[in-house]
Amino acid sequence: MTLTKYDRPNSYIGSRVPRPNITRLMAGRGKYIDDKSLPRMLHVVFVRSPFAHARIVSIDATAALAVEGVASVLTGRDIVDVVSPWVGVLTHLSGMRSPPQPCVATDTARWQGEPVAMVLASSRAIAEDAATLVDVDYDPLDAVCDMEEALEPRSPLIHPGYDSNLCWERKVEAGDVDAAFADPANTVVERSFDFGRHTGVTLEPRGCVCEYDPAEDRMTMHYSGQAPHMIQVVLAKHLGIPEGRVRVISDDVGGSFGIKVHTYGDEIAVAGAAKLLKRPVKFAADRLESFQSDIHAREHRVRVKAAINGEGLLQALDVDDITGIGPYSVYPRSSGIEGNQVINLTGAPYRIPAYRGRLRVVFQNKVPTCQYRAVGHPIAMAIMEGVMDELAKATGCDPAELRRINLVPDDAYPHVSAQGMKFADLSHQKCLAKLLDLMDYEALKQERDRLRGRGVYRGIGIVSMVEVTNPSPMFYGVGGAPIAAQDGASARLDASGALHVASSITEQGQGTDAMLAQIAADGFGVDLDMVHVKTGDTAVVPYGGGTWASRGAGIGGEAMLQACKALKAQVLEAAAAVLQAKPGALDIFRGAVTDLDGTERMTLADLARMVYYRGNELPAGLSPEFIATRHYKVSDVPFVFTNGAMASYVEVDTDTGIVKLLKHWVVEDVGTIINEQLVDEQIRGGVVQGIGGALYEECVYSDDGQLLNASMADYLVPMSVEMPDIEIAHVMTPTSTSELGAKGAGEAGTAGAPGAIMNAVNDALAPLGCSISKMPMSPERILRALGTVD
Amino acid sequence: MTETMPIRLKVNGEAVSALVEPRQHLADFLRLHLQLTGTHVGCEHGVCGACTVRMNGDIVRGCLTLAVQADGAEIETIEGLSESGEIADIQAAFHRRNALQCGFCTPGMLVTTSELLACIDRVPTREEVRSYLSGNYCRCTGYQAIVDAIVEVAVARRSGSDT
């Protein structure tokens, strides 16, 4: 690794310092949403539709209202008077449609678990008691669940006035795909894949506490989420409160993963109830309603066809993806981005001259789906890498070698894919080479082959991948969504010499506050314990997007670096006047103004006290500003991609169908690394969530749209005993779009792991003449693939 | 509202008496009556382990134990274990290894870890640690850093007791 300007002694950028802000979390002193309590606060329990599709005939709340402690029962018709419905489409996803969605159903419930009424009482337990007494008369309608049947002409329609259940269709074509498939000199393979629905299962369920001050028309929402400024706009717009009078506060967030970046009807209804009743209202979802109302993700059926020529070089790729999104496109990010990423990113690591893609996004009577960690990437990477292994098998080429010769070379950037995606500063070849070295690929293959002779079925799966990070306004803002692509940072020196910084990005456990503190300490010149970070409060922090799409370090971090550099320049200007020196001859190091050779001239505390308390001692005309603010957005490219390579080593028990994960390796290029420990833990956590989708996690539905496994006992998430150790290495190619050079790190693990596991399982099954292409790869599905069960 | 029953117990060494509904579980009692919000509620099915507390010296699920069952019991929560310093070495290792991200599972994870390290008289293998932690879910870390931290503490405690 080459030395950078951050490698000087006492640099915090690039060092593995422990997160300063987590000791209180370990002592039980966290402030999660359900820990919040306010005077006169009411607790809400939602009455949720037991049917996937039903007309609401009538609601009788008489018995519920008679329960001691119940303050109110509100129906969708009550709430729609204070919260206007929304439409979850983006204008740049041309042709997408979704009807107005009320935050609580008014006439028709369209998924099992959709809120129908809300009971407000003095405790959650009383509200739950009363909710069972709310008498809702439903007229059940036919439920539309299978996404392909939903598009058949005879299918029941979910939305009256629409001619079909299609939400959006997109087609892309570049180059002569058909000619490549018709060329007899080419090898052509075709595979179909099924990806089940899963969900985020944040260990802290969603929730919020809303308080409304009618005297000043002010709404405050304490929420467990990732994008306070976006929710501020949503509340203002749909409750009719001036935006400046809405404050959104996000304290400790118990896991998020994209689940908590969306607009949820139940949460906004809580604000509506607080406004109507003029009392604080708390909603803390229990696990059942988390499964029934947190966004779900994935659910794709994809057909992929690919051709390589006699030299093994990719010639064409054809992808047909159908994805089910529930009854509404989720507001305001839309439910089209996931499928769009599949179409845009399949094959991204490789040179492919001809490409055809079709995406169909379909309404259905299930929980709405939307962006969850790695958005579309797990699908795009798994299908391409699955096809690469199929091509390797068809031609007898080694899977790693086939990837190596097809990767976009490290010296070929900038590169534009057939889909029109722009890539820069990537290192696919270096990452793959490092991965093969890290895992000792040749020795591993020999071990696998040796064990096969003894009836032990082990397999190796490899993935080369990209990940969208640091999105520009081309992601959401261009489509009309009130979502900032830029982030702001402020830095302020107090009278004690401490540095107070604030940022519009948010902390959900990934280490945002620590990363910001490291950049601030480094950029300004103080010790880490002199930095105090504030995030997650729209009344206090600069305006910006929040933490999602792996943008915190790359965008929020760059804004912080620039703010601290600006503050440093301002402080040195004042110091120079006081010390009768030139600003360029001074520096700030470990809390003191120094000469460039490091000789201390005066402490920041002495300077600050002089400025704040004894301004009379300052030279005439000097009016120091010890606060600076900077904003940053990516403007050169739509996205700053990262890349990486990953491998999985598994053993399949052919008697039980159980997959044992033996080892997992990741080589990732996230550009400049601010804290390697935090990056590695993001990758590990991401890999494990990807493993969950590949092997365990699935929202199982009956044919009539009943979610059958809505508890943690029935919905399987990865447990410690099943997880492998994950070895990580880095290639570091800083992005040239910023001074800091950081790309995102939060999602790559989830993006690549499912494809690596699926390829490893299929490699293990190969000698038995069978394969699997449906996730999660449960023991039952593997036994079916083996033909040992029907 | 259902009838309440009186209970008397010790929580983190302090005597407590309260009137509780028989249906109220221990985690809700600790959170709602005593504002000991470090005990978290993640699933209320006894699966995730976020509500793990110590009762009469053994770890229990706070969501599967009724408050009335704790009548006469001694309860220790993350707040008490932190303030007494009993788990300080485990907390320090979790900090060094970044064995927590969002921190929601962490109090339960730490209470479980304290029991694992108390009930085994040697350094556990990584597999044994992973197996013991299977009743505590973490969605953030992928578990590896947690296993690293626990093994580190186990080694340090053994070498400390040998000298």
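Looking at the stretch A:177-191, can you tell me whether even one residue there is more than 30 Å from A:Asp78 (Cα to Cα) and polar (S, T, N, Q)?
Let us first name the residues in the stretch A:177-191 that are more than 30 Å from A:Asp78 (Cα to Cα), namely A:177-191.
Filter once more, so that each one left must be polar (S, T, N, Q): A:186-187.
Yes: the stretch A:177-191 contains one or more residues that are more than 30 Å from A:Asp78 (Cα to Cα) and polar (S, T, N, Q).
Could you give every pair whose Cβ atoms fall below 7 Å, whose first residue belongs to the stretch A:128-148 and is closer than 15 Å to A:His159 by Cα, and whose second residue is in a helix (DSSP H, G or I) and modelled with pLDDT of 95 or more, counting only separations of at least 6 or pairs across chains?
A:Val144/A:Ala150
Which residues, taken from the stretch B:6-44, are surrounded by fewer than 17 Cβ atoms within 10 Å (Cβ to Cβ), without any contact (Cβ under 8 Å) to a residue 12 or more places away in the chain and either more than 12 Å from chain A (Cβ to nearest Cβ) or closer than 30 Å to A:Tyr715 by Cβ (or both)?
The answer is B:Glu14, B:Ala15, B:Ser17.
Give the residue that is surrounded by the fewest Cβ atoms within 10 Å (Cβ to Cβ), with candidates limited to residues of the stretch A:501-511 that are touching an Asp or Glu at 6+ places or on another chain (Cβ under 6 Å) and not charged (D, E, K, R). I'd like the intermediate steps shown before the answer.
Applying the first criterion (touching an Asp or Glu at 6+ places or on another chain (Cβ under 6 Å)) to the stretch A:501-511 yields A:504-505, A:507.
So of that shortlist, the ones also not charged (D, E, K, R) come out as A:504-505.
Details: A:Ser504: 28, A:Ile505: 31.
The extreme case among them is A:Ser504.
Does the stretch A:633-642 contain any residue that is modelled with pLDDT of 95 or more and open to solvent by 50 Å² or more (accessible area, probe 1.4 Å)?
Within the stretch A:633-642 (the criterion being modelled with pLDDT of 95 or more and open to solvent by 50 Å² or more (accessible area, probe 1.4 Å)), the answer is yes, since at least one residue qualifies.
Would you say A:Asp251 is within 30 Å of A:Asp487 (Cα to Cα), crowded, with 23+ Cβ neighbours inside 10 Å and within 14 Å of chain B (Cβ to nearest Cβ)?
For A:Asp251, the condition - within 30 Å of A:Asp487 (Cα to Cα), crowded, with 23+ Cβ neighbours inside 10 Å and within 14 Å of chain B (Cβ to nearest Cβ) - is not met.
State the number of residues belonging to the stretch A:104-123 that are crowded, with 19+ Cβ neighbours inside 10 Å and more than 24 Å from A:Cys699 (Cα to Cα).
Initial filter on the stretch A:104-123 (crowded, with 19+ Cβ neighbours inside 10 Å): A:104-105, A:108-121.
Those still in the list that are more than 24 Å from A:Cys699 (Cα to Cα) too: A:117-121.
Residues in the stretch A:104-123 being crowded, with 19+ Cβ neighbours inside 10 Å and more than 24 Å from A:Cys699 (Cα to Cα): 5 in total.
So B:Ala50 fits all but one of (1) of a type in the set (Gly, Ala, Ser); (2) free of Cβ contacts under 8 Å to residues at least 60 places away in the same chain; (3) under 18 Å from A:Glu204 (Cβ atoms); what number is the exception?
Only one criterion is unmet by B:Ala50, namely (2).
If you take just the helices (runs of 4 or more DSSP H) that sit entirely in the stretch A:87-183, which of them hold at least 1 residues that are of a type in the set (Lys, Arg)? Break it down stepwise before answering.
Values: elements: A:124-131, A:147-150, A:177-182.
The qualifying helices (runs of 4 or more DSSP H) are A:124-131.
I need the full set of residues from the stretch A:124-134 which are open to solvent by 70 Å² or more (accessible area, probe 1.4 Å) and within 9 Å of A:Val45 (Cβ to Cβ), in order please.
The answer is A:Glu128, and nothing else.
Part of a helix (DSSP H, G or I), surrounded by 19 or more Cβ atoms within 10 Å (Cβ to Cβ), touching a residue at least 12 places away in the same chain (Cβ under 8 Å) and touching a helix residue (DSSP H, G or I) at 6+ places or on another chain (Cβ under 6 Å), is that true of B:Ile150?
When the stated conditions are applied, B:Ile150 passes them.
Given the criteria out of contact with any His (no Cβ under 7 Å at 6 or more places or on another chain) and either more than 8 Å from every other protein chain (Cβ to nearest Cβ) or surrounded by 18 or more Cβ atoms within 10 Å (Cβ to Cβ) (or both), does B:Gly62 qualify?
On the way: out of contact with any His (no Cβ under 7 Å at 6 or more places or on another chain): no; either more than 8 Å from every other protein chain (Cβ to nearest Cβ) or surrounded by 18 or more Cβ atoms within 10 Å (Cβ to Cβ) (or both): yes.
So B:Gly62 does not fit the description; no.
For residues in the stretch A:722-737 being more than 14 Å from chain B (Cβ to nearest Cβ), open to solvent by less than 20 Å² (accessible area, probe 1.4 Å) and assigned to a loop (DSSP other than H, G, I, E, B), which is farthest from A:Gln486 (Cα to Cα)?
Let us first name the residues in the stretch A:722-737 that are more than 14 Å from chain B (Cβ to nearest Cβ), namely A:729-737.
Then drop every residue that is not open to solvent by less than 20 Å² (accessible area, probe 1.4 Å), which leaves A:729-731, A:735.
In the following step, the residues that additionally are assigned to a loop (DSSP other than H, G, I, E, B) were identified as A:731, A:735.
Values: A:Val731: 27, A:Thr735: 17 Å.
Here the answer is A:Val731.
I'd like the residue in the stretch A:138-165 that is of a type in the set (A, V, I, L, M, F, W, C) and within 33 Å of the chain's Cα centre (by Cα) and, out of all such residues, is farthest from A:Arg110 (Cα to Cα). Steps first, please.
The initial filter retains those residues of the stretch A:138-165 that are of a type in the set (A, V, I, L, M, F, W, C), namely A:141, A:143-145, A:147, A:150-151, A:157-158.
If we keep only those that are within 33 Å of the chain's Cα centre (by Cα) too, we end up with A:143-145, A:147, A:150-151, A:157-158.
On the way: A:Ala143: 8, A:Val144: 10, A:Cys145: 11, A:Met147: 15, A:Ala150: 14, A:Leu151: 17, A:Leu157: 11, A:Ile158: 7 Å.
Filtering first and then ranking leaves A:Leu151.
Quick check: is even one residue across the stretch A:544-561 touching an Asp or Glu at 6+ places or on another chain (Cβ under 9 Å) and open to solvent by 30 Å² or more (accessible area, probe 1.4 Å)?
Checked the stretch A:544-561: no residue is touching an Asp or Glu at 6+ places or on another chain (Cβ under 9 Å) and open to solvent by 30 Å² or more (accessible area, probe 1.4 Å).
Which of (1) touching a strand residue (DSSP E or B) at 6+ places or on another chain (Cβ under 9 Å); (2) surrounded by 15 or more Cβ atoms within 10 Å (Cβ to Cβ) is the odd one out, the single condition A:Asp137 does not satisfy?
(2)
Would it be correct to say that B:Asp89 is within 20 Å of A:Arg24 (Cβ to Cβ), of a type in the set (D, E, K, R), open to solvent by 40 Å² or more (accessible area, probe 1.4 Å) and more than 10 Å from every other protein chain (Cβ to nearest Cβ)? Give the derivation first.
Details: within 20 Å of A:Arg24 (Cβ to Cβ): yes; of a type in the set (D, E, K, R): yes; open to solvent by 40 Å² or more (accessible area, probe 1.4 Å): yes; more than 10 Å from every other protein chain (Cβ to nearest Cβ): yes.
Criteria met by B:Asp89.
Of all residues in the stretch A:700-716 being open to solvent by 10 Å² or more (accessible area, probe 1.4 Å) and more than 13 Å from chain B (Cβ to nearest Cβ), which is nearest to B:Val47 (Cα to Cα)?
A:Leu708
Here are A:Ala760, A:Ala745, A:Ala764: which of them is within 20 Å of the chain's Cα centre (by Cα), surrounded by 18 or more Cβ atoms within 10 Å (Cβ to Cβ), of a type in the set (A, V, I, L, M, F, W, C) and at pLDDT 95 or above? Walk me through it before giving the result.
On the way: A:Ala760 fails: within 20 Å of the chain's Cα centre (by Cα); A:Ala764 fails: within 20 Å of the chain's Cα centre (by Cα).
The match here is A:Ala745.
For the stretch A:37-60, enumerate the residues that are surrounded by fewer than 21 Cβ atoms within 10 Å (Cβ to Cβ) and in a loop (DSSP other than H, G, I, E, B).
A:Ser37, A:Leu38, A:Pro39, A:Arg40, A:Met41, A:Pro50
Does the stretch A:187-218 hold any residues that are in a loop (DSSP other than H, G, I, E, B), within 14 Å of chain B (Cβ to nearest Cβ) and open to solvent by 10 Å² or more (accessible area, probe 1.4 Å), and which are they? Before you say what the answer is, go through the steps one by one.
Going residue by residue through the stretch A:187-218, those that are in a loop (DSSP other than H, G, I, E, B) are A:200-206, A:214-217.
Then drop every residue that is not within 14 Å of chain B (Cβ to nearest Cβ), which leaves A:200-206.
Matches in the stretch A:187-218: A:Pro205 only.
Restricting to the stretch A:69-91, count the residues that are open to solvent by 30 Å² or more (accessible area, probe 1.4 Å) and in contact with a Lys or Arg (Cβ under 6 Å, 6 or more places away or on another chain).
0
Would you call B:Arg157 in a helix (DSSP H, G or I), more than 10 Å from chain A (Cβ to nearest Cβ) and either free of Cβ contacts under 8 Å to residues at least 24 places away in the same chain or not polar (S, T, N, Q) (or both)? Reasoning before the result, please.
Working: in a helix (DSSP H, G or I): yes; more than 10 Å from chain A (Cβ to nearest Cβ): yes; either free of Cβ contacts under 8 Å to residues at least 24 places away in the same chain or not polar (S, T, N, Q) (or both): yes.
For B:Arg157, the condition - in a helix (DSSP H, G or I), more than 10 Å from chain A (Cβ to nearest Cβ) and either free of Cβ contacts under 8 Å to residues at least 24 places away in the same chain or not polar (S, T, N, Q) (or both) - is met.
The values are calculated or read from the model by the stated rules, or taken from the named source; none is laboratory data. Predicted, not measured: the structure shown is a model, and the values here were computed from it. When we count neighbours, we look across all protein chains shown, and the Cβ atoms used for this are built from the backbone with ideal geometry, even at glycine. To get the accessible areas, we keep the full protein, side chains included, count just its heavy atoms, and leave off ligands, DNA and RNA. Shrake-Rupley method; radii C 1.70, N 1.55, O 1.52, S 1.80 Å.
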